[in-house]
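Readers should treat all values here as calculations from the given coordinates under stated rules, not as data from a laboratory. Bear in mind that the values here come from a model prediction, so they are computed numbers and not experimental data. No Cβ is skipped: glycine too gets one built from the backbone with ideal geometry, and neighbour counts run over all protein chains shown.
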Amino acid sequence: MTRAPVRHHAPPAPRVTSPAKLVRGAGRNYPPTFLHNLPPGQAAKEMVHVSATPVLALRGVSKRFGAVQALTDVTLEIHAGEVVALVGDNGAGKSTLVKTIAGVHPIDEGVIEWEGKAVSVNKPQDAQSLGIATVYQDLALCDNIDVVGNLFLGRELKKFGVLDEVEMERRARDLLTTLSIRIPSVRIPIASLSGGQRQTVAIARSMLGEPKLVILDEPTAALGVEQTAQVLDLVERLRERGHAVILISHNMADVKAVADKVAVLRLGRNNGVFEVKSTSQEEIISAITGATDNAVTRRAARTNAEVKK
Ligand SMILES: Nc1ncnc2c1ncn2[C@@H]1O[C@H](COP(=O)(O)OP(=O)(O)OP(=O)(O)O)[C@@H](O)[C@H]1O
Ligand SMILES: [Mg+2]
């Protein structure tokens with residue numbers, strides 16, 4: 001059985017907003033400093049109506065690299081307080097899509113809308129000033145510098161022309177506490193943290209700019225079970241606080257655990273947007289591979305049958 005994908009075409013269908021969604025969208029109306037002002041969990045308690053306008057919408061986006069058509073007519077919508085997983089096989093165009101949003105690769109055709117208005121995103125600063133933060137897979141943390149130093153790398157706080165270590169340390173602690181990130185000390189070098197702890201520090205760093213949209217490129221790819229759980233917990237906390245999150249992942253378990261929607265790319269085109277709750281793993285895999293009958297789905301069906309025996 002193949003479920004009809006939920007596709008977004010103009011004019012968009014009225015968004016059905018569940019009570020849970022109302023809560024999740026709470027952060028959209030907060031002032032930029034809400035992350036530091038609200039105690040953990042409070043954002044989730046505020047009841048604010050979510051407007052139907054997505055925080056980010058891509059409409060008909062295409063991108064070509066020489067002879068390679070990396071993206072063709074791609075549409076994607078993401079609302080505040082929503083986690084959208086972006087999945088697809090190797091070379092499907094996920095990283096390219098993320099880089100167009102992040103301003104690394106300007107689009108050739110189509111429209112990028114931010115909070116309902118068409119915008120130009122031609123360089124990374126354009127994305128940053130809109131409120132888009134991207135955590136790339138390589139993390140780009142400095143191993144020999146401590147957690148505080150990494151959090152404020154490139155945006156150090158100064159007082160009378162010298163580094164204000166006391167204030168940076170205070171804000172670092174506040175930020176980590178707000179996001180319920182537990183690390184032994186903010187003054188130990190990144191090298192002595194686990195992979196999961198490093199990933200959470202990298203995500204925390206992206207939060208300093210108070211973005212509305214956070215893009216995480218394969219945040220759990222190199223992590224073990226426990227560390228993956230830490231990162232997925234953090235993604236949930238970002239959602240509770242009203243951030244929109246785009247999560248690139250090859251891991252269906254992570255997608256099922258944390259995403260609200262899953263957007264499938266195949267050969268640079270949309271191949272469906274699914275509500276995670278009402279879609280099986282096999283259906284998502286079918287959309288990724290472009291076939292209902294293939295090695296992956298046959299194996300999944302066999303394993304399921306064996307489990308049921
Ligand atoms: N800078 C570039 N120059 C030329 N071609 C590129 C460039 N970046 C990506 N491509 C091509 O665009 C297509 C999509 O690549 P992309 O990296 O977006 O895929 P992906 O979905 O992220 O794959 P993976 O899961 O392997 O990371 C591929 O055919 C790739 O070779
Ligand atoms: Mg990629």
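Pairs from the list LYS159/LYS212; LYS99/LYS261; LYS94/LYS261 with a Cα-Cα gap above 24 Å: LYS159/LYS212.
Cross-link reach is defined here as a Cα-Cα straight distance under 20 Å, omitting same-chain residues fewer than 8 places apart; for LYS277 the aspartates and glutamates meeting it are GLU77, GLU82, ASP233, GLU236, GLU240, ASP254, ASP260.
Considering the options LEU223, LEU56, SER194, tell which one lies farthest towards the positive end of the dipole of the range 19-278, charges being +1 on Lys and Arg and -1 on Asp and Glu at the Cβ, about the Cα centre. So the residue furthest toward the plus end is LEU56. A simple spin-label model places the labels of ALA229 and ARG64 5.0 nm from each other, with each point 7 Å out along Cα-to-Cβ. Placing +1 on the Cβ of every Lys and Arg and -1 on the Cβ of every Asp and Glu, with no other charges, gives the range 46-160 a dipole of roughly 340 debye about its Cα centre. Note on the range 19-278: with charges restricted to the Cβ of Lys and Arg (+1) and Asp and Glu (-1), its dipole about the Cα centre is near 280 debye.
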